[in-house]
Every structure is written in C-alpha cells, then in structure tokens.
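The values are calculated or read from the model by the stated rules, or taken from the named source; none is laboratory data. This one's a predicted model, so the numbers in the text were calculated from it and none came from an experiment. All Cβ positions, glycine included, derive from the backbone under ideal geometry; neighbour counts span all protein chains shown.
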Amino acid sequence: MKASPYLIFNGNCVEAVNLYEKAFGAKATICKYKDAPPSEDFPPQPGTKEFVMHGILPIGAETIYLCDTTQNQPVTFGNGAFACVELDDEKSVRAAFDVLKAGGKVFCEAQQTFWNVCYAELEDKFGLKWTLMVEEKCTCTDKCASGYNPDCTCAHSACNCKGKPKS
C-alpha cells in the first residue's frame, strides 16, 4: 500500500508539469480532456480540451498525480499542506529549490538544519507549497546488519540498532 499526493490546478497544469519536470529531472505522462473518448455521462466543458485530465509525475520511486479542475470547481491551495520531496543530496535540493522559487515565495532557504543535511520550504508560482529535503540515509556498518548493535554510532533518526535485540 502507498499514498500519493494528487495536485489539482486551475487550467495551468501543463505549465506546472513543465516546471516540476525541470525541478526534479523527471518526465511526466499526461492525458488531456481532448484525449478522452466521448461520453454522454461526462460531456466536455467549453474551454477544457487542453486541460490535463490525469497526469503522472514519477519522482524517484514515488509518484505525484496531477490534473486540472474545471471552471465550475476552482481550487485554491491552503497553508495546511505541503508537497514534500526527499532528494538524494544537497545539490539536488538546491537545484529543485532554485527552479521552484522563481515567481514564488521562499519560507526557508535551502540550508543545513539541526535535523537535516539540507532543508527548504517555499510556495511556487502556482500557490503550491513545497518542502524539499535530503533523504536521510542510515550509516550503519556490517556490525549492525543483525539489527542490534549497542555500540552503533549512527546518527540517523530512524536507526534502531541500539533497541532491543531481535529474537
């Protein structure tokens, strides 16, 4: 099982996809309303044929889904949610940050924090809020392969080597 964000735009999803492909070095697959077979149950609304009906943007092993909404159901982004992307290294965080901040608002510059190697928060020009960070990697050695090593010096927040031995 997995959960993936589904981002909804007001007719500018193609522009957003282009920006996100550049930021994350990804290639999206999109289906526009004009690509859908005719349906009496879902007749096309005027001006929506170039809107994205369903988009798939793979980022690493994860997926972000995207689409446009129709004019009668406009969407606004709120301040209670961020799209969070964990990248492999500081260079990747800074590169994505530099692309996404253009025309947007920066809340936290890409920087080292006490909890992360590189962390950034911003709102892109579409109003979507992003958290970008380096994916933490456990630095455990072969001595920890069994899952229990009371002498482990790994600083990874999810390291459980010092926990109870596996039975």
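Structure data summary
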item: Single residue of the stretch 76-88 satisfying the filter (surrounded by fewer than 13 Cβ atoms within 10 Å (Cβ to Cβ) and over 15 Å from Ala23 (Cβ atoms)) that is farthest from the chain's Cα centre (by Cα); result: Thr76
item: Given (1) among the aliphatic types (A, V, I, L, M); (2) closer than 18 Å to Lys129 by Cβ; (3) in the same structural domain as Lys2 (by TED's automatic domain parsing); (4) assigned to a strand (DSSP E or B), number of the condition Val17 does not satisfy; result: (4)
item: Leading residue by the ranking (modelled with the highest pLDDT) among those in the stretch 20-52 that are outside any loop (DSSP other than H, G, I, E, B) and of a type in the set (Asp, Glu); result: Glu21
item: The stretch 60-75: number of residues that are farther than 10 Å from Ile8 by Cα and surrounded by 19 or more Cβ atoms within 10 Å (Cβ to Cβ); result: 1
item: For Gly103: the one exception among (1) modelled with pLDDT under 95; (2) at positive phi; (3) within 19 Å of the chain's Cα centre (by Cα); result: (1)
item: Tally, over the stretch 27-74, of residues that are farther than 30 Å from Glu86 by Cβ and touching a Leu at 6+ places or on another chain (Cβ under 8 Å); result: 0
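This table checks each residue for (1) among the β-branched types (Val, Ile, Thr); (2) surrounded by fewer than 20 Cβ atoms within 10 Å (Cβ to Cβ); (3) out of contact with any strand residue (DSSP E or B) (no Cβ under 9 Å at 6 or more places or on another chain); (4) closer than 17 Å to Gly60 by Cβ.
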{"residue": "Phe107", "(1), (2), (3), (4)": "no, yes, no, no"}
{"residue": "Ala110", "(1), (2), (3), (4)": "no, no, no, no"}
{"residue": "Thr113", "(1), (2), (3), (4)": "yes, yes, no, no"}
{"residue": "Glu121", "(1), (2), (3), (4)": "no, yes, no, no"}
